[in-house]
């Protein structure tokens, strides 16, 4: 058991509706994925940072027992940086500044010790880079991919190849609509499942939960109810971590496993939202996750 | 067991994104409520129509065994009419024309035979009219109310009285936010529950399901997944019908009953959306409802 994750590691500067700014906190898909997936399966990281990336954040990854053999620390580069501001509803945000740094010229290499990973999560990245990861894998890993709107618009051919080589996909509502050209989200989820011959697709709707599409059926699920969201940054990547690691641990895909994966994913995503950056997620235990999962499964049961 | 419902009966003219227009189809909160609630409990109607309201639609109400003793047919009046157009996403719509007709001067009277009804549903109406209904009731019925934004903005004092005299409330997300002045929907649902000392509140989110607030806890639930929505008009009133009638039948309010009510409500609302106006809802059977409820409860179960 092990999940290879390929994605970004960032230094985020996040301004909240209150006006408070949190500078250079750990961010990027990998950071959240590591801190959520490790509860359920070991994580192997392929990513890049600059020398400016604080050692204490790397120590945080190590406390999650992440294997960092695929983490390139580029001597003369700077870490990917994102600056954003949340609107009062805490669901929408503006990007105020982006600096790709080491990611601009990153050539990801999968270490030999990672090439037999049974599961691969391709967080959002340039589709050609995602394909480069897959080309370095041996065997037939379970591949789950994510993407964002810019690659759907501008790298569609490569992206289609990535999705066709994946068994599962995790996308949000606006990305899914853009991919399908369809308004209805249920039709979108089922249509993409069929079109790309995926084993499963999860369409995320943020605070509204999401839709699991599996074997031509749609299974809707709500999000964990939070009366206060401290910071939704990384909720989707944390969700992916809980989901993909649960599938890796189970070593199979069936409805029961997928639902357990959705449950774990929902729980770790909710913890991610309860603190700025990783401040809450990095402090919860597996027992905390299990307790919340049990209560949430009871709360959403309808009979 | 019986639910008194006070609300509107309308003739709707609905234009779909395809451009197709359905003229003078039955609408209004009562019409949908009758056709959904009757599966679970007998319905008593307090409403008004004009002479122009087609007999075949009244026959439809009678087939639901609705007691129409409180239905005033105003000889020289016209039925409330609404004309609207759905946008391509089928979630948003424009109101193109409104004609209140008999509702402009309607003085609702609760017949003596209705005054002991154990349950009352106050569909959205001028709050003073909702209070007039309550003042005519004997005993201590279970009261569940609904409202819309215009009354929150313009009749707040009367509306507050209505809500304080209710045990339950069903509102949609935008109405709930306007009532609470709060963005977060979970905090909104829990805050309104506390503020108005309600036994329960259901915050509806359309295609995203909703949140049940009960005993200071939030229970999120998804909507039934529909890959094609024929007409969402009346989905909320159908939801209310399934919910309130289930509570009336159970004669108690506890978490298990509320969840069963949410399940029945979700199912009848989904049938309402599958046909224009009442075309689908009026053709399903209790067995159809039970079958869909069973499948849906299984689909949303997370463990």
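The values are calculated or read from the model by the stated rules, or taken from the named source; none is laboratory data. Everything quoted here is computed from the prediction, not taken from an experiment. Please note: Cβ atoms are built from the backbone with ideal geometry, for glycine as well, and neighbour counts cover all protein chains shown.
Output the residue which, of all residues in the range A:214-234 that are more than 7 Å from chain B (Cβ to nearest Cβ) and under 18 Å from the mean Cα position of the chain (by Cα), is surrounded by the most Cβ atoms within 10 Å (Cβ to Cβ).
A:234
Which pairs turn up if I take residues in the range B:190-217 that are at negative phi and look for partners that are modelled with pLDDT under 95 with beta carbon separation below 8 Å, at least 6 apart in sequence or on another chain?
As it stands, the answer is B:191/B:182; B:207/B:91, since those pairs meet every condition given.
Quick one: would you say residue B:110 is in a loop (DSSP other than H, G, I, E, B) and touching a strand residue (DSSP E or B) at 6+ places or on another chain (Cβ under 9 Å)?
yes
Take the residues in the range A:101-139 that are over 25 Å from residue A:42 (Cα atoms) and loosely packed, with under 15 Cβ neighbours inside 10 Å; name whichever of them is nearest to the chain's Cα centre (by Cα).
Of everything passing the filter in the range A:101-139, A:128 is nearest to the chain's Cα centre (by Cα).
Could you please find all residues in the range A:177-187 being within 12 Å of chain B (Cβ to nearest Cβ), touching a helix residue (DSSP H, G or I) at 6+ places or on another chain (Cβ under 7 Å) and under 28 Å from residue A:272 (Cα atoms)?
Listed by number, the residues that qualify are A:177, A:185.
Taking the range A:193-207 as the search range and keeping residues that are closer than 18 Å to residue A:268 by Cβ and in a helix (DSSP H, G or I), which one is farthest from the other protein chains (Cβ to nearest Cβ)?
Once the filter is applied, the top-ranked residue is A:206.
Pick from the range A:240-262 the residues that are within 14 Å of chain B (Cβ to nearest Cβ) and touching a residue at least 40 places away in the same chain (Cβ under 8 Å): which of them is surrounded by the fewest Cβ atoms within 10 Å (Cβ to Cβ)?
A:255
Do any residues in the range A:109-123 that are free of Cβ contacts under 8 Å to residues at least 40 places away in the same chain have Cβ atoms under 6 Å from those of residues that are in a loop (DSSP other than H, G, I, E, B), where the two are at least six apart or on different chains, and which pairs are they?
Cβ pairs passing all conditions: A:115/A:137; A:115/A:138; A:116/A:138; A:116/A:139.
Would you confirm, using the coordinates I've provided, whether residue A:190 is surrounded by 22 or more Cβ atoms within 10 Å (Cβ to Cβ) and either in contact with a helix residue (DSSP H, G or I) (Cβ under 8 Å, 6 or more places away or on another chain) or within 14 Å of another protein chain (Cβ to nearest Cβ) (or both)?
When the stated conditions are applied, residue A:190 passes them.
For the range A:147-163, indicate whether the set of residues that are within 18 Å of residue A:8 (Cα to Cα), in a strand (DSSP E or B) and in contact with a strand residue (DSSP E or B) (Cβ under 7 Å, 6 or more places away or on another chain) is non-empty.
Scanning the range A:147-163, I find no residue that is within 18 Å of residue A:8 (Cα to Cα), in a strand (DSSP E or B) and in contact with a strand residue (DSSP E or B) (Cβ under 7 Å, 6 or more places away or on another chain), so the answer is no.
Can you spot a residue in the range B:284-300 that is at the interface with chain A (Cβ under 10 Å from one of its Cβ atoms), under 23 Å from residue B:30 (Cα atoms), part of a helix (DSSP H, G or I) and touching a strand residue (DSSP E or B) at 6+ places or on another chain (Cβ under 9 Å)?
No, the range B:284-300 has no match at all.
Condition test on residue B:57, is it on the phi < 0 side of the Ramachandran plot, modelled with pLDDT of 95 or more, within 14 Å of another protein chain (Cβ to nearest Cβ) and surrounded by 13 or more Cβ atoms within 10 Å (Cβ to Cβ)?
In short, no.
Could you go through the range B:77-93 and let me know if any residue there is over 26 Å from residue B:232 (Cβ atoms) and more than 20 Å from the chain's Cα centre (by Cα).
Yes; the residues of the range B:77-93 include at least one that is over 26 Å from residue B:232 (Cβ atoms) and more than 20 Å from the chain's Cα centre (by Cα).
If you take the residues of the range B:68-90 that are crowded, with 17+ Cβ neighbours inside 10 Å and within 14 Å of chain A (Cβ to nearest Cβ), which of them is modelled with the highest pLDDT?
Only one residue fits best here, namely B:86.
Does residue A:78 fit the bill of being more than 25 Å from residue A:271 (Cα to Cα) and in contact with a helix residue (DSSP H, G or I) (Cβ under 7 Å, 6 or more places away or on another chain)?
yes
Identify all residues within the range B:25-45 that are part of a loop (DSSP other than H, G, I, E, B) and under 13 Å from residue B:2 (Cα atoms); write none if there are none.
B:38, B:39, B:40, B:41, B:42, listed by residue number.
Quick check: anything in the range B:46-53 touching a helix residue (DSSP H, G or I) at 6+ places or on another chain (Cβ under 9 Å), part of a loop (DSSP other than H, G, I, E, B) and surrounded by fewer than 24 Cβ atoms within 10 Å (Cβ to Cβ)?
Checked the range B:46-53: at least one residue is touching a helix residue (DSSP H, G or I) at 6+ places or on another chain (Cβ under 9 Å), part of a loop (DSSP other than H, G, I, E, B) and surrounded by fewer than 24 Cβ atoms within 10 Å (Cβ to Cβ).
Every residue, every condition in (1) modelled with pLDDT of 95 or more; (2) under 24 Å from residue B:295 (Cα atoms); (3) touching a strand residue (DSSP E or B) at 6+ places or on another chain (Cβ under 6 Å), yes or no:
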residue: B:167; (1), (2), (3): yes, no, yes
residue: B:196; (1), (2), (3): yes, no, no
residue: B:202; (1), (2), (3): yes, yes, yes
residue: B:214; (1), (2), (3): yes, no, yes
residue: B:219; (1), (2), (3): yes, yes, yes
residue: B:223; (1), (2), (3): yes, yes, no
residue: B:226; (1), (2), (3): yes, yes, no
residue: B:230; (1), (2), (3): yes, yes, no
residue: B:240; (1), (2), (3): yes, yes, yes
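Restricting the search to the range B:64-76, which residues are over 19 Å from the mean Cα position of the chain (by Cα) and under 28 Å from residue B:40 (Cα atoms)?
Residues satisfying the conditions are B:69, B:72, B:73.
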